[in-house]
1. With respect to F105, determine if the residue is assigned to a helix (DSSP H, G or I), modelled with pLDDT of 80 or more and either of a type in the set (D, E) or exposed (fewer than 13 other Cβ atoms within 10 Å of the Cβ) (or both).
2. Return the residue satisfying two criteria in turn: it lies in segment 1-60 and is surrounded by 12 or more Cβ atoms within 10 Å (Cβ to Cβ) and of a type in the set (K, R), and of such residues it is nearest to V75 (Cα to Cα).
3. Could you list, in sequence order, the residues of segment 86-102 that are among the hydrophobic types (A, V, I, L, M, F, W, C) and surrounded by 14 or more Cβ atoms within 10 Å (Cβ to Cβ)?
4. All but one of (1) at pLDDT below 85; (2) acidic (D, E); (3) assigned to a helix (DSSP H, G or I) hold for E37, so report the exception by its number.
5. Which of the residues belonging to segment 10-34 are under 14 Å from the mean Cα position of the chain (by Cα), among the aliphatic types (A, V, I, L, M) and either in a loop (DSSP other than H, G, I, E, B) or within 30 Å of A110 (Cα to Cα) (or both)?
6. Return only the number of the condition from (1) of a type in the set (V, I, T); (2) under 28 Å from L9 (Cα atoms); (3) in a loop (DSSP other than H, G, I, E, B) that I79 does not satisfy.
7. Could you count how many residues in segment 22-67 are aromatic (F, W, Y) and closer than 18 Å to K82 by Cα?
8. Of the conditions (1) in a helix (DSSP H, G or I); (2) in contact with a helix residue (DSSP H, G or I) (Cβ under 6 Å, 6 or more places away or on another chain); (3) not polar (S, T, N, Q), E61 fails just one. Which one is it?
Amino acid sequence: MKVRQSYKLGFRVFQLILFLVLLVHWSGCLWYLIVKERDTWMPPKDEEQRVTIFYDTYSGEKYLIVCYYSLLLLVGNDIYPKNLAQTVFSSMVLICGSLIFSFIFGNITAVMSSMNKKQNRFSE
């Protein structure tokens, strides 16, 4: 591409953020496939009342809820799995999430360093 280096680096940051959004979407959809069949999982926000309306809400709200908890799971929070399948899935997402987040943030750091390299040379 015959564009400025800063545009290339900005596109790379955008690409990494888009990858993160796609990862949250995939893990949220997989989590929903696991929890929708048994109706055993309760979102942690409903744990205190021991009553949930998660399974009675419309699909858009369910999607937002599972994506939110999927993002929390990717960064290392607990989502209170209730059975073996949920526990195995959440463990795998925790492990993969830590590796992927370190990759993404390492790349963003390298991109930001490259963007600042030219300014540092100019100021020196």
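1. yes
2. Restricting to residues being surrounded by 12 or more Cβ atoms within 10 Å (Cβ to Cβ) and of a type in the set (K, R), the top hit is K45.
3. Those that are among the hydrophobic types (A, V, I, L, M, F, W, C) and surrounded by 14 or more Cβ atoms within 10 Å (Cβ to Cβ): F89, V93, L94, I100, F101.
4. Among (1) at pLDDT below 85; (2) acidic (D, E); (3) assigned to a helix (DSSP H, G or I), E37 violates only (3).
5. Listed by number, the residues that qualify are L16, I17, L18, L20, V21, L22, L23, V24.
6. (2)
7. Result for segment 22-67: 5.
8. With respect to (1) in a helix (DSSP H, G or I); (2) in contact with a helix residue (DSSP H, G or I) (Cβ under 6 Å, 6 or more places away or on another chain); (3) not polar (S, T, N, Q), E61 is out only on (2).
The values are calculated or read from the model by the stated rules, or taken from the named source; none is laboratory data. It should be emphasised that the depicted structure is a prediction, and the values quoted were computed from it without experimental measurement. Neighbour counts run over all protein chains shown; Cβ positions are idealised from the backbone, glycine included.
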